[in-house]
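Visitor: Sharing a structure, written as structure tokens. Questions coming.
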Amino acid sequence: MIVDINFIGLIIASIMASAVPLILASCGELITERSGVLNLGVEGMMIIGAISGFALMTVTGSLIIAVFGAMLAGVLISTIFAFLTQTLITNHVATGLALTIFGIGISAMIGKNFVGIPGKEFPVLFEGLKDTMPLISPILFGHSIVFYFAFALPFITSYFLKKTKIGLIVRAVGDSPESASNQGINVRLVRYACILYGGAMCGLAGAYLSMIYTPQWIENMTGGRGWIALALVVFSTWNPIKILIGAMIFGGLTIIQFHMQAIGVRIPVQFLTALPYIVTIIVLVVISRDSRKIRLSTPSSLGKSFHKDN
Amino acid sequence: MHKFFIRSFVSSLVLLFTFTVAATAKDVKAAFVYIGPTGDHGWTYQHDVGRKAVEAAGFKTTYVEGVPESADAERVLRQLANSGHDVIFTTSFGYMNPTNKVAKEFPNVKFEHATGYKREHPNVSTYAARFYEGRTILGTIAGTMTKSNVIGYVASFPIPEVIRGINSFTLAAQKVNPNIKTKIVWAFTWYDPGKEAEAAKALIDQGADVIAQHTDSTAIVQIAEKAGVYAFGQASDMDKFAPKAVLTSVENNWGPYYVDRVKAVANGTWSQKDTWHGIGDGMVVISDLDSQMPADLRSKVKKLQADLASGKVHSFTGPIYDQKGNLMVAEGKTADDGMLAGMMTYVKGVEGDIPK
């Protein structure tokens, strides 16, 4: 079989497009977890972002309002989580699960009026350059702004955590809230901020699904991607660059297994369907097997409530 | 799990509500049990459109969404039967055993089970639609409109309903264009827009210029629209989601049947039946044909539609061979309903194996 070089470019571009929501949600959750908070509400925040973005786009007709509104909706719903876990010191795991249940339920309720409405075309950048170079141009050009942002985000996140003072504060709060508090850092404030940031990114991830990737609203349309994003954070050992790798592998295998089916490769389909989950975990576990590094990058106080500074 | 919990919680609230308001009503009351959310814009959505038709006909209705096909279904059914409903429609294949079991306990309540075959008690009827007739029309259009001779097909789960659709589609497409190849991709989901979109993209990247689907979301027709290939709507008219791509849609139209059956209960004329309606009875509806199709194709399709409706043409008319070349239906014969109901082999011309 002659493999067309543009065909490979197209496949890589679709893999990247499918990785976008995972990268956004994971990088947001990573910051939250680095501050020591385990928010299992990713799926719920994503679905709230998805319905908010779609609803605002339909009602106002403005894509900008819709995108920022979805992020704001993510912030608002994560505020509930922040208030419960940081102010009322509830259990992170239970509160996060409740947030997901709440998000799915309320999005379905709001969404009743938005079923069966087609979405709007989302503008893409550099469309004109799409045919300039074989292989490379379909990968680089003709995507939405959210797409480019998502691929910059892991690097920005990495830089933020490693090189900036605020990043250091976030890590300090996550590793040892007591010491951070003794240094005069307002642990609760930092954690609030990190939770809200995580909410904004999950909201954006949801909006990407309902406005750009498959422009429509359907109940439960995030389809468990929030849980995969959560798993990516853990298996990447809280490293943004590895999140990028993991998201690409996951998206890649999902798409490649469809290609294998279409070509007629005689491998049981059920195995192909399970492949993305299995391989992503194996690869991430293998590239993160250095136990010293895992200990260094795991936020030591992850999921533990802190209630000292009042 | 989380979804299950919220559904159960909501279901119990709904049940509690119906229990408190129902018992005294004398009019006929119908209940509907759904597998998915009414907001799926697919299978459950269309059943709910049917339920609304029953409401419009002047009957009271109740529905419970997202009922798992497990012991939960039994509990929901029992409570619906207990709370004064005269007829209960169970709209998913997996409710087959719970429906029959609960029907035995409530001989005065009528049960209508969609897509099943068990009628163990006189108060259980079954009904289904001959969607494969619609797929014969789609296949005819796809075979004519394709230029690459590669047709993509996004399938959901390997059950007779889906296999029958693939076969009927392929047979019709081959009839008008012997050179076509049907590439099948199994998404293993009924609706997950992201996954369906990825499956469709893979098929388009591999040269398919017409995409058919047996999953429920509108993601596939949208992808087709972007890529400039043709597609068909599933369950409801999806034209507005992809005006250029969608050539026509096969719509599920349960309303008339539901109204009929509820009326029969009201008149006391209800009796056990096994209904399998197609285009002829209006349970399967073909949406408007897109003007991009050449006029002669459109008139051909119209005629085919009329012939399928009248029974002059059958989707499975022999000779039909399976993939290995064994004769399935002899020349001049048509496949009987028993064969159709249990169809688990591909016909000749379909590529690949059925996932086991």
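Visitor: Going through B:Thr99, B:Thr115, B:Thr91, B:Thr44 one at a time, which residue ends up being β-branched (Val, Ile, Thr) and within 14 Å of chain A (Cβ to nearest Cβ)? Give the steps one after another, and end with the answer.
Guide: Numbers: B:Thr99 fails: within 14 Å of chain A (Cβ to nearest Cβ); B:Thr115 fails: within 14 Å of chain A (Cβ to nearest Cβ); B:Thr91 fails: within 14 Å of chain A (Cβ to nearest Cβ).
Selected residue: B:Thr44, the only one of B:Thr99, B:Thr115, B:Thr91, B:Thr44 that is β-branched (Val, Ile, Thr) and within 14 Å of chain A (Cβ to nearest Cβ).
Visitor: Return the total of residues in the stretch A:233-259 being of a type in the set (A, V, I, L, M), touching a Ser or Thr at 6+ places or on another chain (Cβ under 6 Å) and within 14 Å of chain B (Cβ to nearest Cβ).
Guide: Total satisfying the criteria: 1.
Visitor: Which one of these does B:Asn82 not meet: (1) touching a residue at least 60 places away in the same chain (Cβ under 8 Å); (2) surrounded by fewer than 20 Cβ atoms within 10 Å (Cβ to Cβ); (3) not assigned by TED's automatic domain parsing to the domain that holds B:Gln46?
Guide: Failed condition: (3).
Visitor: Filter the stretch A:190-205 down to residues that are in contact with a Ser or Thr (Cβ under 6 Å, 6 or more places away or on another chain) and small (Gly, Ala, Ser), then give me how many there are.
Guide: Number satisfying all stated conditions: 2.
Visitor: Now a separate question. If you go through the stretch B:160-189 one residue at a time, how many are farther than 16 Å from B:Val250 by Cα and within 14 Å of chain A (Cβ to nearest Cβ)?
Guide: Here the count works out to 10.
Visitor: I'd like the residue in the stretch A:210-239 that is part of a helix (DSSP H, G or I) and over 11 Å from the mean Cα position of the chain (by Cα) and, out of all such residues, is surrounded by the fewest Cβ atoms within 10 Å (Cβ to Cβ). Explain how you work it out, then say what you get.
Guide: First, pick out the residues of the stretch A:210-239 that are part of a helix (DSSP H, G or I): A:210-213, A:225-235.
Okay, now just the ones that are also over 11 Å from the mean Cα position of the chain (by Cα), so A:210-213, A:234-235.
Values: A:Ser210: 31, A:Met211: 26, A:Ile212: 24, A:Tyr213: 26, A:Val234: 18, A:Phe235: 20.
The residue in question is A:Val234.
Visitor: Contact list please: Cβ distance under 9 Å, first residue in the stretch B:190-201 and more than 7 Å from chain A (Cβ to nearest Cβ), second residue buried (at least 24 other Cβ atoms within 10 Å of the Cβ) and of a type in the set (D, E, K, R), pairs at least six apart or on different chains.
Guide: B:Trp190/B:Asp40; B:Trp190/B:Asp216; B:Glu196/B:Asp216
Visitor: Take the residues in the stretch B:318-356 that are more than 14 Å from every other protein chain (Cβ to nearest Cβ), of a type in the set (Val, Ile, Thr) and surrounded by 18 or more Cβ atoms within 10 Å (Cβ to Cβ), then tell me which one is nearest to the chain's Cα centre (by Cα). I'd like the intermediate steps shown before the answer.
Guide: The first filter runs over the stretch B:318-356 and keeps only residues more than 14 Å from every other protein chain (Cβ to nearest Cβ), leaving B:318-322, B:324-345, B:347-348.
Going one step further and asking which of them are of a type in the set (Val, Ile, Thr), we end up with B:320, B:329, B:334, B:345, B:347.
After this cut, where a residue has to be surrounded by 18 or more Cβ atoms within 10 Å (Cβ to Cβ) as well, the list is B:320, B:329, B:347.
On the way: B:Ile320: 24, B:Val329: 24, B:Val347: 21 Å.
Applying the filter and picking the extreme gives B:Val347.
Visitor: In addition: I'd like to check something: does the stretch B:242-253 contain any residue that is in a loop (DSSP other than H, G, I, E, B), within 14 Å of chain A (Cβ to nearest Cβ) and among the polar types (S, T, N, Q)?
Guide: Of the residues in the stretch B:242-253, the ones in a loop (DSSP other than H, G, I, E, B) are B:242-245, B:253.
From what's left, within 14 Å of chain A (Cβ to nearest Cβ): B:242-245.
Next, from what is left, pick out any that are among the polar types (S, T, N, Q): none.
The answer is no, given that none of the residues of the stretch B:242-253 is in a loop (DSSP other than H, G, I, E, B), within 14 Å of chain A (Cβ to nearest Cβ) and among the polar types (S, T, N, Q).
Visitor: Could you please tell me which pairs satisfy a Cβ distance under 6 Å, a separation of 6+ or placement on different chains, a first residue in the stretch B:331-353 that is assigned by TED's automatic domain parsing to the domain that holds B:Lys175 and modelled with pLDDT of 90 or more, and a second residue that is assigned to a strand (DSSP E or B) and buried (at least 17 other Cβ atoms within 10 Å of the Cβ)?
Guide: B:Ala335/B:Val329
Visitor: Please enumerate the residues belonging to the stretch B:208-226 that are part of a helix (DSSP H, G or I) and either surrounded by fewer than 24 Cβ atoms within 10 Å (Cβ to Cβ) or touching a residue at least 60 places away in the same chain (Cβ under 8 Å) (or both). Steps first, answer last, please.
Guide: Of all residues in the stretch B:208-226, those part of a helix (DSSP H, G or I) come to B:219-226.
Across the stretch B:208-226, the qualifying residues are B:Ile220, B:Glu225, B:Lys226.
Visitor: Could you figure out which of (1) surrounded by fewer than 21 Cβ atoms within 10 Å (Cβ to Cβ); (2) in the same structural domain as B:Pro158 (by TED's automatic domain parsing); (3) modelled with pLDDT of 95 or more isn't true of B:Val229?
Guide: Of everything listed in (1) surrounded by fewer than 21 Cβ atoms within 10 Å (Cβ to Cβ); (2) in the same structural domain as B:Pro158 (by TED's automatic domain parsing); (3) modelled with pLDDT of 95 or more, B:Val229 misses just condition (1).
Visitor: Is there a residue in the stretch B:133-142 that is touching a residue at least 24 places away in the same chain (Cβ under 8 Å) and surrounded by fewer than 24 Cβ atoms within 10 Å (Cβ to Cβ)?
Guide: Scanning the stretch B:133-142, I find at least one residue that is touching a residue at least 24 places away in the same chain (Cβ under 8 Å) and surrounded by fewer than 24 Cβ atoms within 10 Å (Cβ to Cβ), so the answer is yes.
Visitor: Given the residues A:Thr85, A:Thr90, which is the only one that is of a type outside the set (A, V, I, L, M, F, W, C), more than 21 Å from A:Pro215 (Cα to Cα) and part of a loop (DSSP other than H, G, I, E, B)?
Guide: Working: A:Thr85 fails: part of a loop (DSSP other than H, G, I, E, B).
None of the other options fit; the residue is A:Thr90.
Visitor: For the stretch A:96-137, enumerate the residues that are within 12 Å of chain B (Cβ to nearest Cβ), touching a residue at least 24 places away in the same chain (Cβ under 8 Å) and outside any helix (DSSP H, G or I).
Guide: Matches in the stretch A:96-137: A:Val115, A:Ile117, A:Pro118, A:Gly119, A:Lys120, A:Glu121, A:Phe122.
Visitor: A follow-up question, please. Among the residues of the stretch A:259-271 satisfying the criterion of being farther than 15 Å from A:Ile8 by Cβ and not small (Gly, Ala, Ser), which is surrounded by the fewest Cβ atoms within 10 Å (Cβ to Cβ)?
Guide: Checking each candidate, the answer is A:Arg266.
Visitor: Also: Kindly establish whether B:Val259 is modelled with pLDDT of 95 or more, surrounded by 24 or more Cβ atoms within 10 Å (Cβ to Cβ) and over 14 Å from the mean Cα position of the chain (by Cα).
Guide: Details: modelled with pLDDT of 95 or more: yes; surrounded by 24 or more Cβ atoms within 10 Å (Cβ to Cβ): no; over 14 Å from the mean Cα position of the chain (by Cα): yes.
When the stated conditions are applied, B:Val259 does not pass them.
Visitor: Name the residue, out of B:Gln234, B:Gln222, that is within 14 Å of chain A (Cβ to nearest Cβ), closer than 23 Å to A:Ser18 by Cα and under 22 Å from the mean Cα position of the chain (by Cα).
Guide: Values: B:Gln234 fails: closer than 23 Å to A:Ser18 by Cα.
Exactly one of B:Gln234, B:Gln222 is within 14 Å of chain A (Cβ to nearest Cβ), closer than 23 Å to A:Ser18 by Cα and under 22 Å from the mean Cα position of the chain (by Cα), namely B:Gln222.
Visitor: Would it be correct to say that A:Leu30 is in contact (Cβ under 8 Å) with a residue 60 or more places away in the chain, part of a helix (DSSP H, G or I), more than 14 Å from chain B (Cβ to nearest Cβ) and not hydroxyl-bearing (Ser, Thr, Tyr)?
Guide: On the way: in contact (Cβ under 8 Å) with a residue 60 or more places away in the chain: yes; part of a helix (DSSP H, G or I): yes; more than 14 Å from chain B (Cβ to nearest Cβ): yes; not hydroxyl-bearing (Ser, Thr, Tyr): yes.
So A:Leu30 fits the description; yes.
The values are calculated or read from the model by the stated rules, or taken from the named source; none is laboratory data. Just so it is clear, the model here is predicted, and its values are computed rather than measured. Backbone-built Cβ (ideal geometry, glycine too); neighbour counts: all protein chains shown.
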